[in-house]
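Here is the structure we will look at.
Every number here is computed from the coordinates shown, using simple stated rules; none is lab data. Predicted, not measured: the structure shown is a model, and the values here were computed from it. We place every Cβ from the backbone using ideal geometry, glycine too, and count neighbours over all the protein chains shown.
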């Protein structure tokens, strides 16, 4: 039950991000979505998810071969909507960790929040507002 609800939420959130990014009026570091913005997208989605009462959603960042990747975890499920920046990975992954995630050495884990001290905090909040507006235009709000 949780997996299907989170998958629906992740799918809706990613679609909303894609629609907003397509407008071209987004922070520079998000324009290449999904490439290079897994951290900020995970923070924003995670903070939003933590307002929905689906359980504690954690931000996780791992390192592998000098690269980093960030995703969310809730109740043992990986929630990754930027995996397709890597070859042979799906754009949306909501499931127990597969072998690929075990290759990443975890170096950060905390409750998913959008840090108010972030350099681009204001721009990122406006972006999130637009994503949430887009979400509300779609199907009735996702409930878990």
- Those residues of the stretch 84-119 which are surrounded by fewer than 12 Cβ atoms within 10 Å (Cβ to Cβ) and part of a helix (DSSP H, G or I) amount to 99, 102
- Query: Which one of these is closer than 14 Å to residue 16 by Cα and over 11 Å from the mean Cα position of the chain (by Cα): 52, 111, 132?
  - Reply: 132
- Taking strands (runs of 3 or more DSSP E) that do not extend beyond the stretch 1-83, which have at least 1 residues that are surrounded by fewer than 16 Cβ atoms within 10 Å (Cβ to Cβ) and either out of contact with any strand residue (DSSP E or B) (no Cβ under 6 Å at 6 or more places or on another chain) or touching a residue at least 24 places away in the same chain (Cβ under 8 Å) (or both)? 57-64, 67-74
